[in-house]
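Worksheet for the structure shown next.
The values are calculated or read from the model by the stated rules, or taken from the named source; none is laboratory data. If you're wondering where the values come from, they're calculated on a predicted model, not measured in any experiment. Methodologically, a virtual Cβ is constructed for each residue, glycine included, from the backbone with ideal geometry; neighbour enumeration extends over all protein chains shown.
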Amino acid sequence: MGMIVLGLRNLLRNKPRLILIALLIGVPFFLLLAMQSIGDTVQRQTGLLNRDVNTVLQLRARGSMGHVNMTNQDRLLPPDVLEKVRGIEHVVQVEPYLLAMAPVTPPNFVMHVGLSPTAVKRLESHGEAGNPRIIAGRDFTPEDAGKDVAIIGQGYADWAGIKAEDLGRAKLTIDPTRTHPVIYGMHRPTRELTIIGMYASGYVFGDLQLFMPIDTFRSIYGTEQGISWLFVRVDSVDNVAAVARQLKGTVGNVADVLAPESAAVFTATTSRTVTQLAQVGALLAIVLMIVVVFFVLLMQVRERAREIGTLKAIGASNGGVTAQFLTEAIALTLLGGLIGLLLFRFAGEAVTGRLFALGIGPFLPSHYKPLFESLTLGSHISAPLVGFVVLTALVAAVLGSAYGVWQVIRLSPLEAMKHD
């Protein structure tokens, strides 16, 4: 017991060395937690895609984009399609959307979207990035139905001069009479909407949209009937193909049915690639941690060969010397792990985001980079992972320290004191 206490007291004998060794052990610990955070975040995003995209079919009027004021693309789905689709087996949710284009300079035009306040806020041309993050203000509530309120993308807000602190008071004027080479004017009065929230998607064009309650949209643009897009959620990925066939048979004469093939390709390729890269990074971090812990503690023991020789000369047993140095090794490893945990807890989100952008971002296809750059990489700490890392580090510490001690205690006290 006395040698164990001595080992703990020796930690504070050289404070600069203590801090340096603890940091050397803490850094790979931190990197491993960062890799785990990236992997968990990507898996969570993939889960959302499987739930919100791969089980969703989109309907548009046949041969039309379904924008109410877009030249030659303004044909809408008839209103009876809604009830027909709801009656199909395995369909669990149906969400109607209305879309209009509005000219702005620059960047030419923005998108106005009418939807149920509880519906997923899907992005034009980038449905796989649906339900973008609200970064300021608030989201819709069911009570917002039919009210003159809206949620704006941060790119659109920059153009309109709306700042986060203005939300709840800021107004945006909708003018259906304005035109553009691909947009025709509508003889409708202007309407002021109160901006209650701001979102971010990670896409340049995705951030140039304005969401409003669908009844408000109908009132502004005079679209009493019809639907631009209809999103149909299926109860399981396994039933998507069957529901798609039923949709084509039921409403195929007036609608194009779009299956989520791009999202399926995404989850099968890009997200898998990122997950694999994160796993490789975690493996490298584990190897780095083992190497650092083993050799740092091995060198620490070798540096103190004279001390070991002195302890043996005054009667310390080999077992006692080994217990002292193993106690130091375990305490140093736990201290380094604690430093790594604290670093990750307080700086993990910022540093992990940079690691992702620099280390994994270059491997992503260009059209998916904005999506992943917009991911929220948190500093959540997994208890099982921490336990595994600590155990691995402790094994490396014990082996490194024990090997160094074994090399020295084989020598006589005089040889040990002369050992270089």
**Message:** Can you name every one of the strands (runs of 3 or more DSSP E) wholly within segment 102-183 that holds 3 or more residues which are at pLDDT 95 or above and assigned by TED's automatic domain parsing to the domain that holds Ile196?
**Reply:** 108-115, 149-153, 171-174
**Request:** Evaluate segment 73-91: report whether one residue or more is part of a strand (DSSP E or B), surrounded by fewer than 20 Cβ atoms within 10 Å (Cβ to Cβ), at pLDDT 70 or above and assigned by TED's automatic domain parsing to the domain that holds Ala241.
**Result:** yes
**Asked** Quick one: is Glu349 of a type in the set (Asp, Glu), closer than 18 Å to Phe29 by Cβ and either assigned by TED's automatic domain parsing to the domain that holds Ser401 or at pLDDT 65 or above (or both)?
**Response** yes
**Request:** Assess whether Phe205 counts as being crowded, with 17+ Cβ neighbours inside 10 Å, in a loop (DSSP other than H, G, I, E, B), of a type in the set (A, V, I, L, M, F, W, C) and assigned by TED's automatic domain parsing to the domain that holds Arg133.
**Result:** yes
**Prompt:** From the set of residues in segment 41-72 that are assigned to a loop (DSSP other than H, G, I, E, B) and at pLDDT below 90, which is nearest to Val91 (Cα to Cα)?
**Reply:** Thr55
**Message:** Just to verify a result, which residue in segment 58-72, among those that are touching a strand residue (DSSP E or B) at 6+ places or on another chain (Cβ under 9 Å) and closer than 20 Å to His180 by Cα, is surrounded by the fewest Cβ atoms within 10 Å (Cβ to Cβ)?
**Reply:** Thr71
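Conditions tested, residue by residue: (1) of a type in the set (A, V, I, L, M, F, W, C); (2) more than 23 Å from Val120 (Cβ to Cβ); (3) touching a Pro at 6+ places or on another chain (Cβ under 8 Å).
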| site | (1), (2), (3) |
| --- | --- |
| Gly137 | no, no, no |
| Pro142 | no, no, yes |
| Asp158 | no, yes, no |
| Gly168 | no, yes, no |
| Leu172 | yes, no, no |
| Asp175 | no, yes, no |
| Thr179 | no, yes, yes |
| Ile183 | yes, yes, yes |
| Met186 | yes, yes, yes |
**Prompt:** Which members of segment 385-404 meet the condition of being farther than 19 Å from Ala323 by Cα and in contact (Cβ under 8 Å) with a residue 40 or more places away in the chain?
**Reply:** Leu385, Val386, Val389, Val390, Thr392
**Request:** Given the conditions (1) modelled with pLDDT under 75; (2) surrounded by fewer than 14 Cβ atoms within 10 Å (Cβ to Cβ); (3) of a type in the set (Ser, Thr, Tyr), report the number of the one that Ser236 does not fulfil.
**Result:** (1)
**Prompt:** Is one or more of the residues making up segment 196-215 in contact with a Phe, Trp or Tyr (Cβ under 7 Å, 6 or more places away or on another chain), touching a residue at least 24 places away in the same chain (Cβ under 8 Å) and of a type in the set (S, T, N, Q)?
**Reply:** yes
**Prompt:** Quick one: would you say Arg218 is within 24 Å of the chain's Cα centre (by Cα), of a type in the set (Lys, Arg) and assigned by TED's automatic domain parsing to the domain that holds His90?
**Reply:** no
**Request:** Examine segment 292-306 for a residue that is surrounded by fewer than 20 Cβ atoms within 10 Å (Cβ to Cβ), modelled with pLDDT under 75 and outside any helix (DSSP H, G or I), and state whether such a residue exists.
**Result:** yes
